[in-house]
Amino acid sequence: MKKLALVVDDDKLSRDLIRRVLEKSDFQIFEAENGKQGLEVFLREANIPLVITDLSMPVMSGEVFIDHLIHMTNPPIIIIHSSVSDIKEIIPIIHKGAIDFIAKPLVPEEMLLRINKSIESAKIKHIKEEMEKEKNDRNQAQLDWNRWKFESMKKDEERSDDSMLDGLRHSFSQGTGFGSLIPTIQLIKKKAKPLEDGKSFSVPSTLIDLLISNMESGKRMIETLEIFDDIIKAKFMPTKISLMNIHKFIDDIIKEYTSYLATKSLQFVLFKTKPKYEEIFFLVETNYMQMMIQELIINAIKFAQPNTKIYIICEMDGQKCKISFLNEPLINSDYKFGIPKECSTIVFEPMVRLTKLVHEFIPTMDYGLGLTLVDKIARRHSGSAEAYNIASHLDTSKVLTNVSFSLPIQKE
């Protein structure tokens, strides 16, 4: 699907140049000669996410046009493309809501680079705003006793039982490991041919390979359950590390999964490092921390729609640091996208699976234990884990799933 953009300029030559540049990057362009026409086009054509406008125009100036846009329910990304020479005239408009200023005359390569950067910055800003709204909504819901009592104690309880049973059934009946062990043994019994000594059997090598594969998968599950036991019972040996170290953990693990990203044509957008990140410290058990990050990356890859981006965002929340993994989700077993509100807590329970898909192309057991592991590790670090949907009005996405962990900042 083509991306949409509106170009507003009284100079036809400028509009034509911008249109040619953007059409090469798969944009569909709408045009207008002044702010009044631009506003009419914007209101007529729903969901135009990008507007590039001049400032000096007849009938309605670019500044007045921008004033109208920024007060829309879902304002677009606004880029000023003008020959204004005094940057002091631009700064107040940038503060109002325009995201960038590109001076005339047009340099195609620079414009395309700046536009793509502006779109990415706007996406991340929008995601953070929606995360903040969701947090406020969730806090308000916690204060509402009646709603909590009805939704958490009734609806969630019923849904938890259903999801738990459904997760157990599909975990042990699909994929490698225990799910395939019994059918494999049945095939071996059927295909085995007795040899002359009367004590030995001839079995096709493919079945032996399948048996070994399932044995290894079952072994990995047992090892994971042992890890759970260690997380809960073992002596905690924390190390003081910086937020920059956590960023490096994430970056290194992403590189390990490059081939799996390519399988679904996914792209990670990792939060940018800042000097202050070297001054923010945590007490963590590094092996568990890397394990938790790995599970969150695997989870995002498994449940992201193909040809989309996965965002990893870092936020300070008082004396805690929150790191979120956001993806455009696949449809779950209830024909809903992502994690419904009533499931935002139970997804951390063992064996709960909202989708029946088996992801054998990723080296994970797929028994519904990944987010349980995340929750246990976060709690062991006096932190917490969350999972919920947030609204998204950018591009064609309607929902983003956010799975995050928060850790307390270590005071000096």
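The values are calculated or read from the model by the stated rules, or taken from the named source; none is laboratory data. Predicted model, so just to flag it, every value in this text is computed and none were measured. As a convention, Cβ positions derive from the backbone with ideal geometry for all residues, glycine included, and neighbour counts pool all protein chains shown. Keep in mind that these areas ignore ligands, DNA and RNA; they rest on the heavy atoms of the full protein, side chains included. Shrake-Rupley method; radii C 1.70, N 1.55, O 1.52, S 1.80 Å.
Descriptive notes on the structure:
- Residues of the range 240-255 that turn out to be out of contact with any Phe, Trp or Tyr (no Cβ under 9 Å at 6 or more places or on another chain) and touching a residue at least 24 places away in the same chain (Cβ under 8 Å), as a count: 2
- Residue within the range 42-53 that is of a type outside the set (S, T, N, Q), part of a loop (DSSP other than H, G, I, E, B), in contact with a Phe, Trp or Tyr (Cβ under 8 Å, 6 or more places away or on another chain) and more than 28 Å from Ile91 (Cβ to Cβ) present: yes
- The one condition in (1) open to solvent by 80 Å² or more (accessible area, probe 1.4 Å); (2) at pLDDT 60 or above; (3) in contact with an Asp or Glu (Cβ under 8 Å, 6 or more places away or on another chain) that Lys155 fails to fulfil: (2)
- Odd one out for Ile212 among (1) among the hydrophobic types (A, V, I, L, M, F, W, C); (2) surrounded by 17 or more Cβ atoms within 10 Å (Cβ to Cβ); (3) modelled with pLDDT under 90: (2)
- Sub-6 Å Cβ pairs linking a first residue in the range 116-144 that is within 20 Å of Phe405 (Cβ to Cβ) and assigned to a helix (DSSP H, G or I) to a second residue that is of a type in the set (A, V, I, L, M) and at pLDDT below 75, at least 6 apart or interchain, are Glu130/Ala391, ordered by first then second residue.
- Checking each residue in the range 344-387 for being acidic (Asp, Glu), open to solvent by 20 Å² or more (accessible area, probe 1.4 Å) and at pLDDT 75 or above picks out only Glu386.
- Candidates in the range 43-64 are the residues that are surrounded by 23 or more Cβ atoms within 10 Å (Cβ to Cβ) and in contact with a Leu (Cβ under 6 Å, 6 or more places away or on another chain); of these, the one that is nearest to Leu106 (Cα to Cα) is Val51.
- Filter result for Val7 (in contact (Cβ under 8 Å) with a residue 40 or more places away in the chain, under 18 Å from Ala103 (Cα atoms) and touching a Pro at 6+ places or on another chain (Cβ under 6 Å)): no
- Pairs linking a residue in the range 183-208 that is hydrophobic (A, V, I, L, M, F, W, C) to a residue that is surrounded by 11 or more Cβ atoms within 10 Å (Cβ to Cβ) and assigned to a strand (DSSP E or B), with Cβ atoms under 8 Å and 6 or more positions apart or on different chains, are Ala192/Phe201; Leu195/Phe201.
- The range 1-41, subset in contact with a Phe, Trp or Tyr (Cβ under 7 Å, 6 or more places away or on another chain) and assigned to a helix (DSSP H, G or I), residue surrounded by the most Cβ atoms within 10 Å (Cβ to Cβ): Gly38
- Taking the range 80-119 as the range and being at pLDDT 80 or above and of a type in the set (Asp, Glu) as the test, the residues that pass are Asp100, Glu109, Glu110.
- There is no residue in the range 307-314 that is closer than 13 Å to His381 by Cβ, among the β-branched types (Val, Ile, Thr) and in contact with a Phe, Trp or Tyr (Cβ under 9 Å, 6 or more places away or on another chain).
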